[in-house]
Structures are given as structure tokens and as C-alpha cells.
Amino acid sequence: MRPALCAALVAGLLVAGCGQRRPAPAPPPAPPPPAPLRSDATAEQLVVEGLSDRDGGLAGIAGMDPRAIRQLNHYPDFPRSTPLPSFPRGKVELPPPPSTADADALSFDRKLRAARGLIHSCYERGLRGNPALAGEVTLEISLGADGQVLSVATPASSVGDEIPACLRARLLRLRFPPPSRGAHKTRVTVGLRPAPAPDAGAR
């Protein structure tokens, strides 16, 4: 074969190879679809449960599912869009503040009043099963030298067993100011009363 013909064939093959297009890279995989938003009723129920379990103020919001809080932003007209689930509201009656100048008694009273929301949430659980439930619970709280609650007993109760069991579990989470006299027990009686309906006085 002539050298010129060979050179022409090689050049033609090179041109043909250069003209071929490379395959396009595969597209990146699509991101997974977002999780479906909760319904109005579910989101509102989560908020109600978070508020019912608050330890004074709105501290219970901090323990809520973040998805429930984001749900509030999704419904800008919350809670006017759908009425909140209704259930009986109760009142927690604590003893009057101590008249003594005992610093330990005063600091204990202040902390217990700040934790009124814990007692209130336990009472409202009982009210959901019995809207007329009322009575008293005697609490015997044992404090350590550092103010940590060591034990909670309920030696007397006129509201059954469910509410005292709830109180014993929840009050164990508290920490009181360290008492100056060291570890000791304090007894307090809490009154539980159903709140009157908002329109009761208008009838």
C-alpha cells in the first residue's frame, strides 16, 4: 500500500474518532420527598400537650417535637383556624406563703409555686376522665443537702391514685435551693378544684 494512502486512512480514522461525542454524565439522584405535614388537629394537639406539661410559663414548649413547632409556622392563623380540643381546666390551690422568716421555708415555697404547672398537668389528666374530680393531695417531699428531691410520698389523697402517682414521678425532677439545715422532709397539702366554665356566670 502506498505511504500516502496509509497516511490518509490514519488521518480519516483520527478525525472520525475525535468527532464522536462522549456520553453525558448521569444526573445526580433526586432528593427524597419531604415528610408530609401533620394535619391541623394533630399539630394543635401536640401544642396542647406541650402547654399542659409546662413547668411554669411556657417552659414545656422547649420539650416539644420541633416538627410541631414548625407546624405553627405553616399555619399562620393558628389557633383561630380550628378550635383547640376542649377539656376541663382545673385550679391548683397551694398553701399560703409561710409567715415565718425561715429562709428554707420561703425558698421551698417559691420553688413549689414555680412548679405549679407540673401539679396542674397531673390534675388535668384526671379531669379528662372525671370533669368533677376535686379534692386534696398531701405531699411529703424529701430533700437532700444539695436541694435535690430524693423521694416524694403521697400519704393522703382524696382524688384517687392516678394523680398522686403522676405527682410522685414529676416532682422527682425538681431541684430546690440547698437547705441550710441539710437534708430534711417537708409536708404540704395541695387543693385541686375544677375551674368554672367561662360562661357559667352569664346564665
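The values are calculated or read from the model by the stated rules, or taken from the named source; none is laboratory data. In this text the structure is predicted, and so the values were computed from the model without any measurement. Don't worry about glycine lacking a Cβ; one is built from the backbone with ideal geometry, like all the others, and counts go over all protein chains shown.
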Next on the checklist: Which pairs turn up if I take residues in the stretch 94-119 that are over 16 Å from S142 (Cα atoms) and look for partners that are surrounded by fewer than 14 Cβ atoms within 10 Å (Cβ to Cβ) and among the β-branched types (V, I, T) with beta carbon separation below 7 Å, at least 6 apart in sequence or on another chain?
Outcome noted: P95/T189
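Of everything in the stretch 187-203, what is modelled with pLDDT of 80 or more and either part of a strand (DSSP E or B) or over 22 Å from R116 (Cα atoms) (or both)? Give them in sequence order. Walk me through it before giving the result.
First pass over the stretch 187-203, keeping only residues modelled with pLDDT of 80 or more: 187-195.
Answer for the stretch 187-203, where residues must be modelled with pLDDT of 80 or more and either part of a strand (DSSP E or B) or over 22 Å from R116 (Cα atoms) (or both): R187, V188, T189, V190, G191, L192, R193, P194.
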